[in-house]
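The values are calculated or read from the model by the stated rules, or taken from the named source; none is laboratory data. All figures in this text were calculated on a predicted structure; none of them were measured in a lab. Cβ placement follows ideal geometry from the backbone for every residue including glycine, while neighbour counts extend to all protein chains displayed. Surface accessibility is based on the protein's heavy atoms, side chains included, excluding ligands, DNA and RNA. Shrake-Rupley method; radii C 1.70, N 1.55, O 1.52, S 1.80 Å.
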Amino acid sequence: MNTSQSFDTAFFGHPRGLSVLFFTEFWERFSYYGMRALLILFMTAQLANGGLGFDTAKAGIIYGAYTSLVYLMSVPGGWLADHFFGQRRAALYGAVVIMFGHIALAVPTLTGFYGGLALVVLGTGLLKPNVSTMVGQLYSADDTRRDAGFSIYYMGINLGAFISPFFTGWLGQSESFRGILTRMGLQPEHAWHWGFGLAAVGMFAGIVQYMMGWKYLGETGLEPVEITSAEARGSRNLQLGIGLAFTIATIVLLWVLNSTGQIVLTPVLVSKGFGLLLLATVVFIFGRLLLDRSWTREERTRLVVVLILFLGSCMFWALYEQAGSTLNLFAERNTDSSLFGMAFPSSWFQSVPALFVITLAPLFGLLWLKLGPREPSTPTKFTIGLVLVAAGFAVLIIPAAAGGRASPLWLCLTFLLHVMGELCLSPVGLSATTRLAPARVGGMMMGVFLMSISVGTYLGGQVASVYDKYSLATLFALVAGAALIAAVILAMFIKPIARMLAK
C-alpha cells in the first residue's frame, strides 16, 4: 500500500489513483458487456444474416463455458500478479490481450471467433482481480474511506455495463446501421463484427487512460510480493512449472487424439470436458478439506457451512447469469422490442440490470443500516436472494404461456427481481466466508467461494442449451422451481448458520 496516497483527496475526496482504476474498469466492463450482449444472438443468428448459424444447444454450452472461464481465470491471474508481474503490469497485460481478443472477434471468421473468446478469457483473468486489489491498496488499513472507495469503483463497473449495449447493440443489430453499411458498399451482414470492434475500441480507450494515469498510482501494485527465501522461490517456480506442464500436456494430448481420429474435438465436447473438470475441482477441494483430520469439530462445522453457502451461491448465479443467454434469447425472439412506438435492438435489454444496480444499491445499503439489529442474517439474505431470482423466472411463465410477443415490462420486472436478489446475496457471501473459514485456509477459501460464480455461469449455459427443447413456460417453471427448492433447503439451515456466524 502506498501510504502517501492515503491522504490524497483529489478524486471526490479519494486518491487520484481511484479515478484511474475507476475508468480502467469502466472501459473493461464496457468491452465485456458490450460483446456479451451480442454473443449468443450472433451465434444463433442465421448464416444469411451474418451469424454463425448455431442451434441453441451448441450456443448455450459455448456461452456457459466462456463466461465460466472468465471468472475462473481470475485465480491464476491473481497468482501470477502476486508472484511475477505485480498487479499493475498484470492489469496492463490483461487489457492488451482483451483488446486483441475483441479485434479477433471483429474478423468474420470462425477462427477469429474462437481465438477472440480465448484471448478475452485470458486477458480478463489478468486484469479483473488485480484492478480490484489495487483499489484496496490505495487506502491504509484504518482509512475510513475504503468502503466508499469500493462503492465508487463498483459504480464504474455498472456504468460501463449500462452504457455499452446501447452502442454495440445498435452497431450489431439495428437496421439503420446495416443501411449505412449498404450505402457505403460494405456487407451489412458483417454488422455484428462492427459491434465486436467497438468493444476493442473501448478497451483501447481504457489502456490509454490507464497509461496516462500510471503516475497517479504511485507505488500501488507496482511490484510482486517480495520473496527472500530460496525455499519459497523454489516452491513458487515449481507451482508455475507444474501448471505450465499440465496445460501444455493437455493441449498436446487433445491435439494428438484429435489428429489420429480417436476423438473428434468439438466446442460442445470441450465444454462438457471443462464442466467435468470444474466439478472434479470443487469435489476435490471440499473433499480434501472436510476429510482433513486436523480440524477441530467447530472448524469442520464451519467448513460445512461454507459448502452450503457455496452451493446456494452456485444456484443463484446459475439463474442470474442467464441474463446474457436465456433471457437474451427471450428478448430477441419473444419480447416486443419497442417502446412508445419506437423500435430498438433487443440487446439493449442487457443494460437494464446495471441500471437497477446503480439505482438500488445505495437504497439497499440504507435499508440495512435502518434495520440495525433487525437486519436479516447472512443465510436469510441468501434465501431471500434465491427466492427473488426464482420469482424473476416465475413471472415470465405468464407471458410465455400466453404466446406472442411479450411486453418489455415483463423482462424489466424479471431483471428488477434478479438485481434485488443480487443485492441481498452477493455482498454478504464473501464477507460470510471470511468470518467462517478457518484462518489457515482463509485466503484459499475466498478464491474457492469465487468459483461459485464460475460454476453458476457454466450451469446457466447448460440451461440456455435446452431453450428450444421445452416450451418456454415449462423451461421457466423448471428453472424457478429448482431455485425455490434450493431456497427451502437453505432456509432449513438459517438458524444453525446464524448461530455459527454470531460466534
Only one of these is surrounded by fewer than 16 Cβ atoms within 10 Å (Cβ to Cβ) and charged (D, E, K, R): R183, R178. Name it. R183
Scanning segment 464-484 for residues that are buried (at least 20 other Cβ atoms within 10 Å of the Cβ) and either outside any helix (DSSP H, G or I) or touching a Ser or Thr at 6+ places or on another chain (Cβ under 6 Å) (or both) gives A464, S465, Y467
Scan (1) polar (S, T, N, Q); (2) within 28 Å of the chain's Cα centre (by Cα); (3) under 30 Å from V488 (Cα atoms) for the single condition T301 breaks and write down its number. (2)
Taking the stated definitions as given, is G185 free of Cβ contacts under 8 Å to residues at least 40 places away in the same chain and either of a type in the set (S, T, N, Q) or not in a helix (DSSP H, G or I) (or both)? yes
So which residues in segment 342-353 are open to solvent by 10 Å² or more (accessible area, probe 1.4 Å) and either of a type outside the set (F, W, Y) or closer than 19 Å to V387 by Cβ (or both), if there are any at all? M342, A343, P345, Q350, V352, P353
Within segment 315-403, considering only helices (runs of 4 or more DSSP H) that don't extend past its boundaries, which have at least 1 residues that are without any contact (Cβ under 8 Å) to a residue 24 or more places away in the chain and charged (D, E, K, R)? 326-334, 352-371
Just to confirm my filter: which helices (runs of 4 or more DSSP H) fall fully inside segment 16-93 and include at least 2 residues that are open to solvent by 20 Å² or more (accessible area, probe 1.4 Å) and within 21 Å of L265 (Cα to Cα)? 56-72
Scanning segment 124-159 residue by residue, the ones that are among the β-branched types (V, I, T) and within 17 Å of Q87 (Cα to Cα) total 4
Over segment 312-339, the set of residues closer than 19 Å to K381 by Cα and of a type in the set (G, A, S) is G312, S313, A318
Pairs under 8 Å by beta carbon, first residue outside any helix (DSSP H, G or I) in segment 485-498, partner open to solvent by less than 90 Å² (accessible area, probe 1.4 Å), six or more apart or different chains? F493/V305; F493/I308; F493/P379
Conditions: (1) β-branched (V, I, T); (2) free of Cβ contacts under 8 Å to residues at least 60 places away in the same chain; (3) over 30 Å from R333 (Cβ atoms). T133 meets all but one. Number of the miss? (2)
When residues of segment 97-120 are limited to those that are β-branched (V, I, T) and under 14 Å from M203 (Cα atoms), the one surrounded by the most Cβ atoms within 10 Å (Cβ to Cβ): I98
Mind checking which residues of segment 203-221 are open to solvent by less than 30 Å² (accessible area, probe 1.4 Å) and in a loop (DSSP other than H, G, I, E, B)? G213, G218, T220, G221
Does N328 count as over 30 Å from S151 (Cα atoms), modelled with pLDDT of 85 or more and touching a helix residue (DSSP H, G or I) at 6+ places or on another chain (Cβ under 8 Å)? no
Could you tell me which numbered condition Q262 fails, if it satisfies all but one of (1) at pLDDT 85 or above; (2) not in a helix (DSSP H, G or I)? (1)
Is it true that some residue in segment 145-156 is among the hydroxyl-bearing types (S, T, Y), out of contact with any helix residue (DSSP H, G or I) (no Cβ under 7 Å at 6 or more places or on another chain) and either open to solvent by 40 Å² or more (accessible area, probe 1.4 Å) or modelled with pLDDT of 90 or more (or both)? yes
From the option list L339, L369, L327, L363, single residue qualifying as closer than 30 Å to A191 by Cβ and open to solvent by 50 Å² or more (accessible area, probe 1.4 Å) is L339
Of the residues S151, S140, only one is hydroxyl-bearing (S, T, Y), farther than 25 Å from P345 by Cβ and in contact with a Ser or Thr (Cβ under 7 Å, 6 or more places away or on another chain); which? S140
